[in-house]
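Here's the structure we're looking at; comments come further down.
The values are calculated or read from the model by the stated rules, or taken from the named source; none is laboratory data. Computed from a prediction, not measured in an experiment: that's the story for all the values here. Cβ placement follows ideal geometry from the backbone for every residue including glycine, while neighbour counts extend to all protein chains displayed. Only protein heavy atoms, including side chains, enter the accessible area calculation; ligands, DNA and RNA are left aside. Shrake-Rupley method; radii C 1.70, N 1.55, O 1.52, S 1.80 Å.
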Amino acid sequence: MAGNARAAGASVTSRALSILGAFDPLHPSLTLSDIARRTGIPLATVHRLSGELETWGALRRGYDGRYRIGLRLWELGSLSQALTSAREVALPHLRKLYERTGEDSYLAVPDGSDAVFVEYLGGRRAGTAGPRRRLRHPLTGSAAGLALLAHRGAGASGPRTRLADVRRRGWALTRDHEVPGLLALAMPVVAVTGTADMAIGLCAPTTDRLARWREELSLTVAAVQRDLACRDSLAPAGTVTEDDGADDFTAGLPGLPESGRGERMAVRLSVRLGG
């Protein structure tokens, strides 16, 4: 249950945040009863706090009586340096990647133990336009997260062999957990410090399709790294604890060449993924 605040003694602040946390891509609009059910907060309290959040601009109430996230939160979110820096520099390159490949393309940044997908360009492929994608996944639960986690510094505990393979190859490959039948390939944007504060990736239905565009993805990452270096935007990132939650295929893909230091090379791959 999203944003649950059943714990006795929950503060007003935690309850207000829980109300905001009840909204997600699958639940972009909610009634007061919906919010009460998803948070565990009494309906009367939900009514009072939602009214205050609406007055402030964090929520807005439509003509249908349902609540939605307000623009005030978007304004605050736009102040996030991690978001604006990554998006401003990477978005032009991400758009070119999407236009050249025709494959769903995305940009992710780390936030604690999660990867947050701050940009996703997709929907051309039949069946991918409908689902609303979650913006946040555990670092170990996506290709972008693994690419980031492999470059988050020393001191992490857990299985290191897989992340060492990601560092050596320069990419991570997993199933796309949002759209059945798609695979996700991601590469980290690595700073001179050796850490990664963003990852760029592609989604496609087969490894052959991903292999076809691996060089294009590698060149996109290199272009973003160059632009970020010019702006001196990347800073050392904190350490994240890793765990073994990812559905990772990198150990079984000998046909997909290592990206190494981003050298340009033709790619061929014919690998059948096991279930």
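Worth pointing out:
- Count - residues of region 3-28 that are at pLDDT below 55 and over 14 Å from Pro42 (Cβ atoms): 1
Rundown of residues vs (1) in a helix (DSSP H, G or I); (2) touching a helix residue (DSSP H, G or I) at 6+ places or on another chain (Cβ under 8 Å); (3) free of Cβ contacts under 8 Å to residues at least 12 places away in the same chain; (4) open to solvent by 20 Å² or more (accessible area, probe 1.4 Å), yes/no style:
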position	(1), (2), (3), (4)
Arg48	yes, no, yes, yes
Pro92	yes, no, yes, yes
Leu97	yes, yes, no, no
Pro110	no, yes, no, yes
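- Within region 15-46, restricting attention to residues that are among the hydroxyl-bearing types (Ser, Thr, Tyr) and under 18 Å from Gly70 (Cβ atoms), the residue that is most open to solvent (accessible area, probe 1.4 Å) is Thr31.
- Filtering Thr241, Thr250 for residues that are closer than 15 Å to Pro110 by Cβ, modelled with pLDDT under 50 and surrounded by 13 or more Cβ atoms within 10 Å (Cβ to Cβ) leaves a single hit, Thr241.
- Among the residues making up region 192-224, those that are polar (S, T, N, Q) and part of a helix (DSSP H, G or I) are Thr207, Ser218, Thr220.
- Per the listing Gly70, Gly65, the residue uniquely in contact with a Gly (Cβ under 6 Å, 6 or more places away or on another chain) and either surrounded by 15 or more Cβ atoms within 10 Å (Cβ to Cβ) or modelled with pLDDT of 90 or more (or both) is Gly70.
- Contact map, region 204-223: residues that are within 17 Å of Thr174 (Cα to Cα) paired with residues that are among the charged types (D, E, K, R), Cβ distance under 7 Å, separation 6+ or inter-chain. Pairs shown: Ala204/Glu103; Arg209/Glu103; Ala211/Arg268; Trp213/Glu103.
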